[in-house]
């Protein structure tokens, strides 16, 4: 029998580096998972700053709920010491919860079932490689546009239509 040489293993080699992730879960939300998925698909894999901008524009109940859970996940990331500028949404999902069963009376003594569905929303944030500089630029551009007067906005839109007309010719 041959004796094998034992290798000295350092602590960093013994365990793989654990990637930090911040998590937030909201359960028993009174919105159907199908309606919630339409909203969360718009912010999937986005940086946190870009996701907040997107969610403030969307005028749906699911956007307000997602915004609250995302804010909670960002706060959890801050507690863990993660860099807020590098955070992105690694995983976001809307799973089905329990359904409340109701009955709606129909004609001739019949009844239909109504299912009032609930959702469980979970968000996982991770740190990206680079800081999210592009989303900061987007936020600055939006602020500049808000500062423009109505006349300036009309001029900008007129220039855009002139360019479009010139491109057609």
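The values are calculated or read from the model by the stated rules, or taken from the named source; none is laboratory data. If you're wondering where the values come from, they're calculated on a predicted model, not measured in any experiment. Glycine gets a Cβ as well: all are built from the backbone with ideal geometry, and neighbour counts include every protein chain shown.
Listed values, structure above:
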{"read-out": "The range 63-84, residues that are buried (at least 16 other Cβ atoms within 10 Å of the Cβ) and out of contact with any strand residue (DSSP E or B) (no Cβ under 8 Å at 6 or more places or on another chain)", "value": "63, 67"}
{"read-out": "Residue check, residue 66 under 19 Å from residue 128 (Cβ atoms) and assigned to a helix (DSSP H, G or I)", "value": "no"}
{"read-out": "Test: residue 96 is modelled with pLDDT of 95 or more and in the same structural domain as residue 34 (by TED's automatic domain parsing)", "value": "yes"}
{"read-out": "Subset tally (residues that are exposed (fewer than 13 other Cβ atoms within 10 Å of the Cβ) and either touching a residue at least 24 places away in the same chain (Cβ under 8 Å) or on the phi < 0 side of the Ramachandran plot (or both)) for the range 99-124", "value": "15"}
{"read-out": "Qualifying residue in the range 92-100 (condition: under 17 Å from residue 128 (Cα atoms) and touching a strand residue (DSSP E or B) at 6+ places or on another chain (Cβ under 6 Å))", "value": "yes"}
{"read-out": "Checklist (1) closer than 22 Å to residue 39 by Cα; (2) buried (at least 16 other Cβ atoms within 10 Å of the Cβ); (3) in contact with a helix residue (DSSP H, G or I) (Cβ under 8 Å, 6 or more places away or on another chain) applied to residue 90, failing item", "value": "(3)"}
{"read-out": "Among residues of the range 18-41, those that are surrounded by 15 or more Cβ atoms within 10 Å (Cβ to Cβ) and more than 15 Å from residue 121 (Cα to Cα), counted", "value": "1"}
